[in-house]
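Asker: Starting off with a structure, shown below.
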Amino acid sequence: MPVVAEPSGAALVLVYQTGLGPGGAPITRQRTLSNIDYNASEQAMHEAAHAIFSLSEYQLLEVYIRRTEELIDA
């Protein structure tokens, strides 16, 4: 029986720096924003992440898109 992947959701994962540790290594945290439109363009998500962090005191280091799909028997 064939299996079909059906989009079920997307999230934006933002990694940012909150300071420096004792040895000078960056201290990082991450924030996940759920319920992102699965079909939103990568450019739009990147711009949204940077717009959000323009309001923050922390430096945005990395932006990840996490898309999930449900596998369904067809």
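Asker: Using the heavy atoms of the protein chains and a 1.4 angstrom probe, tell me the accessible area per residue for the chain in square angstrom.
Answerer: Using a 1.4 Å probe on heavy atoms only, each residue of the chain averages 72 Å².
Asker: Right, another one. Taking a probe of 1.4 angstrom, what is the accessible area of Asp37 in Å², to the nearest 10?
Answerer: For Asp37, solvent-accessible area is about 100 Å².
Asker: Which whole-number percent gives the relative contact order of the stretch 12-74, counting Cα pairs below 8 Å spaced six or more residues apart?
Answerer: Working: 68 pairs, mean separation 27.9, N = 63.
The value is 44 percent.
Asker: With r defined as the distance between the Cβ atoms of Ile27 and Leu71 and R0 fixed at 22 Å, what FRET efficiency is calculated, to the nearest 0.05?
Answerer: Approximately 0.05, to the nearest 0.05.
Asker: Filter the chymotrypsin sites (Phe, Trp or Tyr not before Pro) in the stretch 18-62 to those in DSSP coil with at most 16 other Cβ atoms within 10 Å of their Cβ, and list the result.
Answerer: Listed in order of number, the matching sites are Tyr38, Tyr58.
Asker: Take the Cα of Ala40, step 7 Å along the line toward its Cβ, and report every residue of the stretch 5-23 whose backbone nitrogen sits under 13 Å from that point.
Answerer: Label zone hits: 9-14.
Asker: Show me the GluC sites (Glu not before Pro) within the chain that DSSP assigns to loop and that have at most 14 other Cβ atoms within 10 Å of their Cβ.
Answerer: Glu57
Asker: Could you look at the chain and say what percent of its accessible area is carbon and sulfur, using a 1.4 Å probe and all protein chains?
Answerer: Numbers: 2740 of 5360 Å².
So the carbon and sulfur contribution to the accessible surface is 51 percent.
Asker: If you bin every alpha carbon distance in the chain into 10 Å steps from zero, what whole percent lands in each bin?
Answerer: 18, 38, 24, 14, 6, 1
Asker: Further question: Give the peptides 5-16, 24-35 in descending order of average Cβ contacts within 10 Å, highest first.
Answerer: So the order, starting with the most tightly packed, is 5-16, 24-35.
Asker: As a test of reading the structure, rank Ile36, Ile52 by solvent-accessible area (1.4 Å probe, protein chains only), most first. Numbers along the way, then the final one.
Answerer: Values: Ile36 40, Ile52 80 Å².
If we order Ile36, Ile52 from most to least accessible, we get Ile52, Ile36.
The values are calculated or read from the model by the stated rules, or taken from the named source; none is laboratory data. This structure is a prediction, so every number in the text was calculated from the model and none was measured. Every residue, glycine as well, gets a Cβ built from its backbone with ideal geometry; the counts of neighbours run over all protein chains shown. Surface areas here come from the heavy atoms of the whole protein model, side chains and all, with no ligands, DNA or RNA. Shrake-Rupley method; radii C 1.70, N 1.55, O 1.52, S 1.80 Å.
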